1. So if we plug the beta-carbon distance of Lys65 and Tyr36 into 1/(1 + (r/R0)^6) with R0 = 25 Å, what FRET efficiency do we get, rounded to 0.05?
2. Under a straight-distance cross-link criterion of Cα-Cα below 20 Å, which aspartates and glutamates are reachable from Lys136, leaving out those fewer than 8 residues away in the same chain?
3. Mind ordering 115-123, 101-109 by average Cβ neighbours within 10 Å, highest first?
4. Using a cut-off of 28 Å between alpha-carbon atoms, which lysines can reach Lys73, once sequence neighbours fewer than 8 places away in the same chain are excluded?
Amino acid sequence: MLELAILGLLKERHMHGYQLKKRLADTLGGFWQVSYGSLYPALKRLQREEAVEMIFPREQVGRRKNVYRITEKGEALFAELLERAGQEASEDSGFQVRFAFFQYLKPETRIRLLERRRSFLESRWATLKESVQRLKEGIDGYTLSLMNHEVSRAEDDIRWLDELIQAEQRQVQVEPVRPRPRRSARLAQRERA
């Protein structure tokens, strides 16, 4: 997930490590914290894979900082990681990191990932609901309250996802199919001649 987040932020602009950490905290900090101890090894891995490269802007040559930018290979890797709908797409942090970069996905892909997340949450909701019913009598009030809170959170998230899916589906239906430009009859006659 860290590689996805780094590449997504570098798509926006070139940054050095401190800026990346700050933007990660600003963008994803509510649900995901990144330390320098994980950021720099991830940047080194991405460099070895030729997904990012270091550049040195002229204004910073005297005080050289490692400024990173995404490469063509990085763009391809970013697209692959973002569209991957495996197990991590259902996990909370995996979904949230992907969601932060949904703008780079096609509407159909966004719908597919949102539906996968909804399916995951519906399964979680059903399991929680069943556990509350089964354990209701044998657990203390605090545990029961926590379990009910989790059920409510899952219900809220499912409603939110339903709204997002409906909005995406409306967008797909509204987007006009662009007709291919027609060649003029005169141009077609010249080509035949």
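1. 0.95
2. Cross-link targets: Glu150, Glu155.
3. Highest mean packing first, the order is 115-123, 101-109.
4. Partners within reach: Lys11, Lys21, Lys22, Lys44, Lys65, Lys106.
Coordinate-derived values only; no laboratory data. Keep in mind that what you see is a predicted model, and the values were worked out from it rather than measured. A quick note on method: Cβ atoms are made from the backbone with ideal geometry, for glycine too, and the neighbour counts reach across all protein chains shown.
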